[in-house]
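**Student:** Here it is: the structure, laid out below.
The numbers here are math on the coordinates, done by the rules we state, and not lab data. Every value quoted in this text rests on a predicted model; they were computed, and no experiment measured them. With ideal geometry, Cβ positions are generated from the backbone for all residues, glycine too; neighbour counts draw on all protein chains shown.
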Amino acid sequence: MKRVVSDASSLISLEKIDGGYTLFRRLYDRVLIPPAVLRELAASPFENEEAYLSHFGIDDLLQVETPARSELENTEHLDPGERGAIALALDFHLPLLIEEEAGRMLARELGIRISGIAGQILQAVREEITGADRANRMLVALERKGRINQQVFESVKKAVGGEA
């Protein structure tokens, strides 16, 4: 079973691209998230957490887990979702999808493998889950929605190849 842990920012980025969650279904069997991440995702405009899961049809993809580690040192600067996602990645020895640099730095220090959504799009191309043209359209959508920085955009776009 292919599993990964995610914070909210990565999943919010998925929402911004056509077929984002469909792509993730092909990459992973389960995406583990802490309760704080689901609360953040469903905060607006959804009535509740179940409404969010139902809207995107992902109640079988996202798996909510409470981290065994209640406290991580030097995490006061992170939001509860990031702290919980890092703790879950440690608990389950899984890679972490995270976008914010402060969380990425801490995860790296703790020895957690990390990626962002752009890296996941590149992985999907390399695993022949999607083609270069579709991947480029996804990258452009992320850029237009302000969900990817220019340096990462250009680097991943070059690695993907194809036309946007």
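**Student:** Which distance in nm do the two modelled labels at Asp29 and Phe92 give, with both placed 7 Å along the Cα-to-Cβ direction?
**Tutor:** Here the modelled spin labels are 1.2 nm apart.
**Student:** What ranking do Phe46, Phe56 get, fewest neighbouring Cβ atoms within 10 angstrom at the top?
**Tutor:** Exposure proxy ranking, most exposed first: Phe46, Phe56.
**Student:** Which of Arg147, Arg69 has the fewest other C-beta atoms within 10 Å, and how do the rest follow up to the most?
**Tutor:** If I rank by nearby Cβ atoms, fewest first, I get Arg69, Arg147.
**Student:** Please find, in a Gaussian network model of the chain (springs between Cα atoms separated by less than 10 Å), the residue of Gly146, Gly119, Gly103 whose mean-square fluctuation is greatest.
**Tutor:** Looking only at Gly146, Gly119, Gly103, the largest GNM fluctuation is found for Gly146.
**Student:** Under the rule of -39500 (n - 2.57) per DSSP H run of 4 or more residues, summed and divided by the residues of the chain, what mean residue ellipticity at 222 nm is obtained, to the nearest 500 deg cm²/dmol?
**Tutor:** It comes out at -15500 deg cm²/dmol, rounded to the nearest 500.
**Student:** Starting from the Cα gyration tensor of the stretch 3-115, take the square roots of the eigenvalues, sort them a ≥ b ≥ c, and report rounded, prolate or oblate (rounded when a/c is under 1.5, otherwise prolate if a/b is larger than b/c, else oblate).
**Tutor:** Because a/c hits 1.5 or more and a/b exceeds b/c, the stretch 3-115 counts as prolate.
**Student:** Of the candidates Gln150, Gln123, Gln63, which one comes out as most mobile in a Gaussian network treatment of the chain with C-alpha springs shorter than 10 Å?
**Tutor:** Result for the chain, Cα springs under 10 Å: Gln150 fluctuates most.
**Student:** Using Cβ counts within 10 Å as a stand-in for footprinting exposure, how do Arg25, Arg83, Arg137, Arg144 rank, fewest first?
**Tutor:** Arg144, Arg25, Arg137, Arg83
**Student:** Can you tell me, using C-alpha contacts under 8 Å and at least 6 residues apart, the relative contact order of the chain as a whole percent?
**Tutor:** Value for the chain: 24 percent.
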